[in-house]
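Read through the structure below, which is laid out as structure tokens, and then see the notes.
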Amino acid sequence: MSTTTVPTDATVEAGAPVLLAVSYLRVSTREQAERGGTEEGFSIPAQREANARKADELGARVVREFVDAGESARSADRDGLKEMLAFIAASRVTFCIVHKLDRLARNRSDDVKIHEALLAAGVTLVSATESIDQTPSGMLVHGIMSSIAEFYSRNLATEVTKGLTQKLAQGGTPMRAPVGYLNVRRTDEQGREIRTVEVDPERAPLIRWAFETYAKGETSVPGLLRDLTARGLTTVPSPKRPSKPLGKNTLYKLLTNPYYAGVIRYKGALHPGAHAPLIEPALFDQVQSLLKARNARMTRHVQHAHHLKGLLHCGSCGSRMLLDFATNPRGTTYAYFICSGRAAKKTTCTRRAVPVQVAERLVEDSYASITISEDDYQHLAAEVDAAFDEQSAGRNQEFADLTANRARLEAESDKLLAAHFADAIDLSTLKRHQDRIRAGLADIEQRLSEHDEHHSGARAFLHDSLRLLTDAHRAYAHSDDGNRRLANQAFYTRLEISEDEQLRPRLAEPFNTIISEARGGREAKREHSTSTDVACSRKTLWVELGGFEPPAFSLRTRRATNCAIAPCFSASLSLAASPDRPQTQGAYSPTAWGLNWATFPKDIDSSASTTSSAGLSAVGTAGAAATTGAERSMVRTVRGNRGCDT
């Protein structure tokens, strides 16, 4: 918007009454305002000349000019219009001159309000090209022209929407192409202008690298942004906006945009695009799984004051426990975990503060209770493999059908090409059928890939989870604070400290089911091997070695609560077949979940651990968040395979 004050005309005769007028000019788009390489384009100067001639006819002098360049008249929220109305209300203006009524408003409601404001200020609205005045016929013409302007605007919007919908149906891009692509205009052989999208040779490799790097699970969005900025990724410059590095929100939108996988998201719906994809759909899905998993568990790459901060809960009221510090008169500072419900007086909780050292010991000791033996690992791993093999046998027919359908489409493609070379079909028909066949083959390839990943990925996931549990306590004890925090987020869904300073952990899946079945198997084996056991009677220990008093959590003995025979490890190894499980190797593989336990000290005997320091990877936040009810179903499927009494 610009405002111009017009100098006084020296030719006005002395003593003659001078009528004052304002001139209002408007164009709808920035392109119109910059057309021809000039500051105002072509339309605004033409409107100015027409308004000046009309002012001369009225014997008036234009004292102020108001311009809205690139503003739509469907809304009255325009800087130039609002400034003009304020100026008119504060000055003695007789006329408001516009080139056409649609320059002032393309909405009947806004037209009425603007006209009422002009009349209230004693100003007459004048059109340079239309006969409107305050007479009945002039008011009729005014109403008709205003309605026509509104109809034109609404009808144009409808036609544009219809055109964009048709373009979208043909795979075209109905909006500005994202970073990595360029909007291109070219002319075909018939002289028609074609607007299309092409791959940006400068930025496309960086976009592809960004997806591949993030899919490895070894970096965060801010970290990826720093790497991309260092590599020189910037936005595409425009006439008004120079090129600049991407922001964090822009990069996040980029990583979640299916356009790079060949799919156009428009008004919330997904449509197949005709543009060349930069990445494979499987890679895009893998990135989405990692993003959703990290968001679900609120994983942030920040420095925490303590690795247990934000993870502990009060066992009395369920409130989160906060890290607090107290200093004694001698200046010594002690760290405690306190109940946030009691501190904020939101609950009636009365639990005492827990020293940080006590909380650390309780959590570390909990890993000793979830560590399984090598025999348990071998036995459970064998049952996992057996369950997967049984499930895979039932899906062989589906795999065979997909393979046969792929061969049929490939043969059809060869026949179409031969028919085209024989002039039996034209080029457009060939392209149409090839697009259909290409889409069908892509769908089949994706299903075949998912069929393989469905089993190999989930099988590897459970094997990795089992292997982690064989060395969980030692690995946690020798990890740094950052990896301890990630381990706690992966293995547990909740850590509660009771009033008597006992930890009540809630294991995440699949670890919860694995530990339950491993303990149940040991109990069942012990009871079946005891010859003195009779029906409704047991010779198992109901009292801890420490007597009837509650033992410390770190006591390495079996508790009475573990004496019952656990359900047999059978009802469910269907994790891989679950539809809500992310079907990507990156989501299944713990090494891509963001947690690699630190390399252990060299002086520790490597033979004491079943997991090498270089290969030890734990389930990180992304993996834990991606674990669904399917894992629980999967891990339990093996129950009937033990042959235990139920």
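A Cβ distance below 9 Å, combined with a sequence gap of six or more or placement on separate chains, defines the contacts here; from the range 322-333, residues that are within 11 Å of Val356 (Cα to Cα) reach residues that are assigned to a loop (DSSP other than H, G, I, E, B) and hydrophobic (A, V, I, L, M, F, W, C) in the pairs Leu323/Ala305; Leu323/Leu308; Asp324/Ala353. Residues considered: Gly223, Gly232. Of these, the only one that is loosely packed, with under 13 Cβ neighbours inside 10 Å and modelled with pLDDT of 90 or more is Gly232.
When Glu517, Glu509, Glu499 are checked against the criterion of being assigned to a loop (DSSP other than H, G, I, E, B), on the phi < 0 side of the Ramachandran plot and modelled with pLDDT under 85, Glu509 stands alone in meeting it. For the structure I just gave you, tell me whether Tyr492 is of a type in the set (Ser, Thr, Tyr), touching a Leu at 6+ places or on another chain (Cβ under 7 Å), surrounded by 15 or more Cβ atoms within 10 Å (Cβ to Cβ) and under 30 Å from Asp365 (Cβ atoms). Against the criterion (of a type in the set (Ser, Thr, Tyr), touching a Leu at 6+ places or on another chain (Cβ under 7 Å), surrounded by 15 or more Cβ atoms within 10 Å (Cβ to Cβ) and under 30 Å from Asp365 (Cβ atoms)), Tyr492 qualifies. Scanning the range 334-378 for residues being crowded, with 18+ Cβ neighbours inside 10 Å, in contact (Cβ under 8 Å) with a residue 40 or more places away in the chain and farther than 16 Å from Leu495 by Cβ gives a total of 4. Which residues, taken from the range 197-220, are open to solvent by 30 Å² or more (accessible area, probe 1.4 Å) and either of a type in the set (Ser, Thr, Tyr) or in a loop (DSSP other than H, G, I, E, B) (or both)? Of everything in the range 197-220, those that are open to solvent by 30 Å² or more (accessible area, probe 1.4 Å) and either of a type in the set (Ser, Thr, Tyr) or in a loop (DSSP other than H, G, I, E, B) (or both) turn out to be Pro201, Glu202, Lys216, Glu218. When residues in the range 234-266 are screened for being part of a loop (DSSP other than H, G, I, E, B) and either among the hydrophobic types (A, V, I, L, M, F, W, C) or touching a Cys at 6+ places or on another chain (Cβ under 7 Å) (or both), 2 of them pass. For Ile207, the criteria (1) in contact (Cβ under 8 Å) with a residue 60 or more places away in the chain; (2) more than 25 Å from Thr256 (Cβ to Cβ); (3) β-branched (Val, Ile, Thr) hold in every case but one, which is (2). Of the helices (runs of 4 or more DSSP H) lying entirely inside the range 1-117, the ones with 1 or more residues being more than 27 Å from Lys240 (Cα to Cα) and modelled with pLDDT of 75 or more are found at 43-58, 79-90, 101-104. A count restricted to the range 153-164 and to residues that are under 30 Å from the mean Cα position of the chain (by Cα) and open to solvent by 80 Å² or more (accessible area, probe 1.4 Å) stands at 1.
For (1) hydrophobic (A, V, I, L, M, F, W, C); (2) open to solvent by less than 40 Å² (accessible area, probe 1.4 Å); (3) within 13 Å of Val27 (Cα to Cα), each residue gets a yes or a no:
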{"residue": "Arg48", "(1), (2), (3)": "no, no, yes"}
{"residue": "Leu81", "(1), (2), (3)": "yes, yes, yes"}
{"residue": "Arg92", "(1), (2), (3)": "no, no, no"}
{"residue": "Cys96", "(1), (2), (3)": "yes, yes, no"}
{"residue": "Asn107", "(1), (2), (3)": "no, yes, no"}
{"residue": "Val112", "(1), (2), (3)": "yes, no, no"}
{"residue": "Leu125", "(1), (2), (3)": "yes, yes, no"}
{"residue": "Met145", "(1), (2), (3)": "yes, no, no"}
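Free of Cβ contacts under 8 Å to residues at least 12 places away in the same chain and farther than 30 Å from Leu503 by Cα - does that describe any residue in the range 287-309? Checked the range 287-309: no residue is free of Cβ contacts under 8 Å to residues at least 12 places away in the same chain and farther than 30 Å from Leu503 by Cα. Restricting the search to helices (runs of 4 or more DSSP H) fully inside the range 280-393 and requiring at least 3 residues that are charged (D, E, K, R) gives 281-296, 356-370, 374-393.
Scanning the range 464-496 for residues that are over 14 Å from Ile372 (Cα atoms), charged (D, E, K, R) and not in a helix (DSSP H, G or I) yields a count of 3.
Counting residues in the range 177-196 that are over 36 Å from the mean Cα position of the chain (by Cα), of a type in the set (Gly, Ala, Ser) and surrounded by 12 or more Cβ atoms within 10 Å (Cβ to Cβ) gives zero. Between Arg208, Arg176, Arg241, the distinction of being charged (D, E, K, R), modelled with pLDDT under 90 and under 19 Å from Leu278 (Cβ atoms) belongs to Arg176 only.
The values are calculated or read from the model by the stated rules, or taken from the named source; none is laboratory data. The structure presented is a predicted model; accordingly, all values stated were derived computationally and were not measured. No Cβ is skipped: glycine too gets one built from the backbone with ideal geometry, and neighbour counts run over all protein chains shown. In case anyone asks, the SASA skips ligands and DNA or RNA and just uses the protein heavy atoms, side chains included. Shrake-Rupley method; radii C 1.70, N 1.55, O 1.52, S 1.80 Å.
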